[in-house]
Amino acid sequence: MRIMEVFWMLFQFSDRLWYIPSEEATDCPVLGYLCGDHRSLMIDAGNSARHAAGFLHLLDERNLPHPELVALTHSHWDHCYGLCALDAVSICCAATRKDLERDASLVWSDDAMHAYLETGVVQKFCEEHMRVEYPQLEEIQVNLPEIVFSGELTIDLGGCHAVLRQLTNPHTEDGVVVWLPEERVLFVGDAAYEELVGNDWIDHPDRLSSFASALREMDFTHCFVGHGEPMTRNALFDWFSQRLSG
């Protein structure tokens with residue numbers, strides 16, 4: 001594993017909820033951490049062993065227990081490839097598991113990456129960030145989640161819950177949001193973003209409208225998106241409205 005050049009910070013959002021922000025250079029997403037009375041949950045696994053290990057180090061500094069569980073919001077590399085560094089039971093929807101089974105079967109090397117770019121297995125945007133995070137592509141290790149669900153799964157952590165809900169969204173076919181009802185917080189991963197098709201970001205108004213309608217049914221005051229600052233509920237729906245009216 002490389003020496004960490006990036007120094008992440010762990011922010012406390014509430015008595016039970018912590019997170020580290022995203023980082024643009026290597027496309028590191030926001031990672032969340034919910035500490036229950038009986039067990040703790042990590043939200044997304046990070047884009048590499050380095051990213052995940054850095055997260056655990058920050059927990060150690062605060063004397064917080066390592067997560068026993070980790071929930072994946074979708075299958076894209078930057079949210080999942082850190083699983084190899086986590087001693088936690090991983091959870092995803094069936095579609096995410098299927099995508100990661102494909103990734104785990106791939107050979108990672110310079111020659112293979114060139115082929116993946118030509119065939120569309122990996123987009124240029126992802127390849128550029130992957131090469132920053134993995135100077136040696138052979139370091140990539142894709143672990144498979146252990147618990148697979150369809151539709152919805154509620155986890156009781158002791159004194160708080162996490163509701164994993166698979167929703168139609170504009171970004172990907174396997175998007176899962178993680179709703180923390182007692183915290184009144186929602187983690188959406190990248191589900192709120194457009195879809196990357198080749199080198200272009202394509203929005204899907206029909207899917208975005210469905211996504212927005214589903215989120216309106218949930219009680220939350222703040223939302224964490226995968227690659228940005230936390231948003232208030234009003235700011236999130238204003239952003240959706242602007243895209244739908246544009």
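The values are calculated or read from the model by the stated rules, or taken from the named source; none is laboratory data. Worth saying up front: this structure is predicted, and the values here are computed from it rather than measured. All Cβ positions, even for glycine, are placed from backbone atoms using ideal geometry, and neighbour counts span all protein chains on display. The protein model used for the area step is the full one, side chains on, heavy atoms only, and it has no ligands, DNA or RNA in it. Shrake-Rupley method; radii C 1.70, N 1.55, O 1.52, S 1.80 Å.
Details
- Residue within the stretch 6-25 that is within 21 Å of E229 (Cα to Cα), among the hydrophobic types (A, V, I, L, M, F, W, C), modelled with pLDDT of 95 or more and surrounded by 24 or more Cβ atoms within 10 Å (Cβ to Cβ) present: no
- Candidate set: the stretch 172-181, residues that are open to solvent by 10 Å² or more (accessible area, probe 1.4 Å) and touching a residue at least 40 places away in the same chain (Cβ under 8 Å); chosen: the one nearest to G159 (Cα to Cα): W179
Per-residue answers, yes or no, for (1) of a type in the set (A, V, I, L, M); (2) closer than 19 Å to V163 by Cβ:
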residue: H38; (1), (2): no, yes
residue: H66; (1), (2): no, no
residue: I91; (1), (2): yes, yes
residue: A94; (1), (2): yes, yes
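- Taking the criterion of being over 20 Å from P29 (Cα atoms) and out of contact with any Leu (no Cβ under 6 Å at 6 or more places or on another chain), the residues of the stretch 219-232 that qualify are D219, T221.
- D190 open to solvent by 50 Å² or more (accessible area, probe 1.4 Å) and of a type in the set (D, E): no
- Condition check for A162: buried (at least 17 other Cβ atoms within 10 Å of the Cβ), in contact with a strand residue (DSSP E or B) (Cβ under 9 Å, 6 or more places away or on another chain), over 28 Å from A235 (Cα atoms) and of a type outside the set (F, W, Y): no
- Residue in the stretch 95-116 that is touching a strand residue (DSSP E or B) at 6+ places or on another chain (Cβ under 6 Å) and surrounded by 18 or more Cβ atoms within 10 Å (Cβ to Cβ) present: yes
- Looking only at the stretch 44-84, and only at residues there that are open to solvent by 10 Å² or more (accessible area, probe 1.4 Å), aliphatic (A, V, I, L, M) and not in a helix (DSSP H, G or I), the one that is nearest to D190 (Cα to Cα): L69
- Count of the stretch 205-227 residues which are in contact with a Phe, Trp or Tyr (Cβ under 9 Å, 6 or more places away or on another chain) and open to solvent by less than 80 Å² (accessible area, probe 1.4 Å): 14
- Residue under evaluation S22, criteria (1) under 22 Å from T154 (Cβ atoms); (2) of a type in the set (S, T, N, Q); (3) within 12 Å of the chain's Cα centre (by Cα), criterion not met: (1)
- Restricting the stretch 85-139 to residues that are aromatic (F, W, Y) and in a loop (DSSP other than H, G, I, E, B), the residue that is nearest to the chain's Cα centre (by Cα) is Y134.
- Residues satisfying the stated conditions in the stretch 173-193, i.e. of a type in the set (D, E) and more than 9 Å from the chain's Cα centre (by Cα): E173, D174, E182, E183
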